[in-house]
Amino acid sequence: MRAEDVAGFRSTLDDLDHAAHLLVDYAIECEGDPELAAVAFCREQSTAQWRRPGVDEDLRPRYGAKLIDLEVLATQPAFSYGLGAPAKGEVSACRIRIAHPHGNFGPRLPSMLTALLGEGAFFTAGIPVVRLLDITYPEGYLEGFEGPQFGVDGLRQQLDAHDRPLFVAVIKPNIGLPPEPFAEIGYEAWVGGIDVAKDDEMLADVDWCPFAERTRLLGRARRQAEQDTGRPKVYLANVTDEVDRMRDLHDIGLANGANALLVSVTATGFAAARALRQHSELPLVGHFPLNAIFTRLPHFGVHTRVITALQRLAGCDAMVLPGFAPRMRTPVEDLLASVEGALGEMGPILPALPVLGGGSSASSVPGTHAALGTDDYGVVAGRGVTSHPDGPAAGARSIVQAWEAARDGVDLDDAARHHGELATALATFG
């Protein structure tokens, strides 16, 4: 690569028009000269051919991605993963920052992801191992997105729940129940103190539990629970489906009494979720199916904070995230980064509520609260509520009792001496 080619795909923060660029952080493993590899990485994901033969032009200043920073973290004898041919010599593990002109794609999530995660990023010669770590968006670019319609404050107002986490229950068994017993379990969880009863993300519009009938009965059960408890409640109905059906499911759910919608954003696509947000009169809650195939490997794919922030950009008011349970296989630092992706500063985009799930029960509530250091989160339990030996209402009460103990600085075992539901939950779920 000629010196002029390298210079054309380099810049500095001081020389950069910040309003015109995304700052994108990657971890890469490359063979050969790290700077040449990083410049090739920039070139391939932007204006790879930057002039026409015989024409006096240079498309790089406006359209080329620029290498802003390069740090070689380590050298190693081989790539972390065997992706194709082995390395030709020593491998450099690097962290790079790229300034990518957002005028290349505009406020369009599919086009942005095609640039940042497409052929240019993952098929640059000599760089088989790539992980997208973070994206910093200028405020002017963010103004092109709607973001959450309700956000954290809107959800709290809907539930009249302030200065505490939101309590969520997944109705279980998640697969196989017809609408009637499904609605009964939701009702019991609500009257026990749960704020939100939700469809499992795997529960679709199926013949043994049709969406229309399920939402009709759950909507009625929700209103009854509100009347019986004097508290607002939310039924979170799953509308994950083919793209051309999700708006219809929204309309059916809204008419029947569902007052929030669940969507598996990575499964349907970020653009599909955004289109639903533009249509929706209800809060949208994103779920994490498919996310692990992008986020789990430590040196490859996409960091979970990026996925969380993208769901927020697409318009999710809350996102269900893998919790701290060992089976979720999510490092604590990654989970905390996802929480920051939901709540952190994002210009005009409202904060979204992180909701931690996966193996949660009364026993995990204090640890979750201590780790997060904020009340702005939700805790979602499935078996921790519905598998409680004394029923879903008791399971719901055990979650609330565990939170109250955490809030007041009381040891769970001590609190359990005064609360039978909590004592049973600790004995059952550990």
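Bear in mind that the values in this text are calculations on the coordinates, not laboratory data. These figures come from a predicted structure and were not determined experimentally. With ideal geometry, Cβ positions are generated from the backbone for all residues, glycine too; neighbour counts draw on all protein chains shown.
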ask   = In sequence order, what are the phi-derived ³J(HN,Hα) couplings for the stretch 267-278 according to the Karplus relation 6.51 cos²θ - 1.76 cosθ + 1.60 with θ = phi - 60°, rounded to whole Hz, with x for glycine and proline?
value = 6, 7, x, 5, 5, 5, 5, 5, 5, 5, 4, 5
key: Anchor LYS233: lysines whose Cα lies under 17 Å away (excluding residues fewer than 8 positions away in-chain)   = LYS198
key: Per-residue ³J(HN,Hα) for the stretch 358-365, Karplus 6.51 cos²θ - 1.76 cosθ + 1.60, θ = phi - 60°, Hz, x for Gly and Pro   = x, x, 6, 7, 4, 5, 8, 4
message = Using the Cα centre of the chain as the reference point, and only Cβ charges (+1 on K/R, -1 on D/E), how large is the resulting charge dipole? Debye, rounded to the nearest 20.
response = 540
request  = Return a whole-number percent for the relative contact order of the stretch 151-429, with Cα pairs under 8 Å and 6 or more residues apart as the contact set.
outcome  = 19
task = Amide H neighbours of SER264 under 5 Å, at least 5 residues apart or on other chains, H built in the peptide plane: list them.
result = THR240, HIS287
remark   = Long-range amide H partners of ASP69, meaning residues 5 or more apart or on another chain whose placed amide H is closer than 5 Å, are ARG97
Label assignment, Cα extents along the principal axes in Å derived from the structure, set (i) 78, 44, 38; (ii) 63, 50, 50; (iii) 99, 56, 44 = (i)
inquiry  = With just the Cα atoms defining each centre, how far is the stretch 376-430 from the stretch 19-61? Give it in Å.
reply    = 54
inquiry  = Using each residue's phi in the stretch 157-171, evaluate 6.51 cos²θ - 1.76 cosθ + 1.60 at θ = phi - 60° and report the 3J(HN,Hα) Karplus result to the nearest Hz, with x for Gly and Pro.
reply    = 5, 4, 9, 6, 10, 10, 6, 7, x, 8, 9, 10, 10, 8, 6
message = Using the Cα centre of the chain as origin and beta-carbon charges of +1 (Lys, Arg) and -1 (Asp, Glu), tell me which of GLY8, TYR137, PHE79 is placed farthest towards the positive end of the dipole.
response = PHE79
remark   = Computed, not fitted: 222 nm per-residue ellipticity of the chain from DSSP H runs ≥ 4 (each -39500 (n - 2.57)), nearest 500, equal to -12000 deg cm²/dmol
message = For a distance above 13 Å, tell me the whole-number percent of Cα pairs in the stretch 47-110 that qualify.
response = 75
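Please say if the stretch 145-253 is rounded, prolate or oblate, where rounded means a/c under 1.5 for a ≥ b ≥ c the square roots of the C-alpha gyration tensor eigenvalues, and otherwise the choice is prolate for a/b larger than b/c and oblate otherwise? Please report the intermediate quantities before stating the final value.
Numbers: a/c = 1.96, a/b = 1.15, b/c = 1.70.
Oblate is the answer for the stretch 145-253, as a/c is 1.5 or above yet b/c matches or exceeds a/b.
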Under 5 Å, built H, 5+ apart or other chain: amide partners of VAL91 = GLN76, ALA78
